[in-house]
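The next block holds one structure in the form of structure tokens; read it before the comments.
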Amino acid sequence: MTNTHVSKMSFEEAIKELEHVVGQLERGDVALEDSICLYERGTELKRRCEEKLKEAEEKVATITLDGQGTPTGAAPDQVK
């Protein structure tokens, strides 16, 4: 588990740590209090991954198409 605040993680960082957390919980070799902390961290990581996926979906949805269906750019007020 890293000390990086979840809100600062990229999708890739968050999913990698989430996989690690799930692995630890599935093995069941973690003390109860540690399991609770891992579960809470996992919940935060899952939420971060969902946020980053939603951001990506919104960016994709703003891509504009020309008459032939070719992407021509993105809506300028939607791109961050």
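The values are calculated or read from the model by the stated rules, or taken from the named source; none is laboratory data. For clarity, every value in this text was computed on a predicted model and none was experimentally measured. Cβ atoms come from the backbone with ideal geometry, glycine included; neighbour counts cover every protein chain shown. The area values use the complete protein model at the heavy-atom level, side chains included, leaving out ligands, DNA and RNA. Shrake-Rupley method; radii C 1.70, N 1.55, O 1.52, S 1.80 Å.
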* Test for Glu44: is it in contact (Cβ under 8 Å) with a residue 12 or more places away in the chain, within 10 Å of the chain's Cα centre (by Cα) and surrounded by 11 or more Cβ atoms within 10 Å (Cβ to Cβ) -> yes
* Looking at (1) under 10 Å from Val6 (Cβ atoms); (2) at pLDDT below 95, find the lone condition where Glu55 falls short. => (1)
* **Single residue of Thr64, Thr4, Thr43 found to be of a type in the set (S, T, N, Q), modelled with pLDDT of 90 or more and either out of contact with any Gly (no Cβ under 6 Å at 6 or more places or on another chain) or not in a helix (DSSP H, G or I) (or both)** => Thr43
* Asked: Applying the selection to segment 9-28, what residues are of a type outside the set (Asp, Glu) and farther than 10 Å from Leu45 by Cβ?
  -> Ser10, Phe11, Gly23, Gln24, Leu25, Arg27, Gly28
* segment 5-40, subset in contact (Cβ under 8 Å) with a residue 12 or more places away in the chain and over 13 Å from the mean Cα position of the chain (by Cα), residue most open to solvent (accessible area, probe 1.4 Å) -> Tyr39
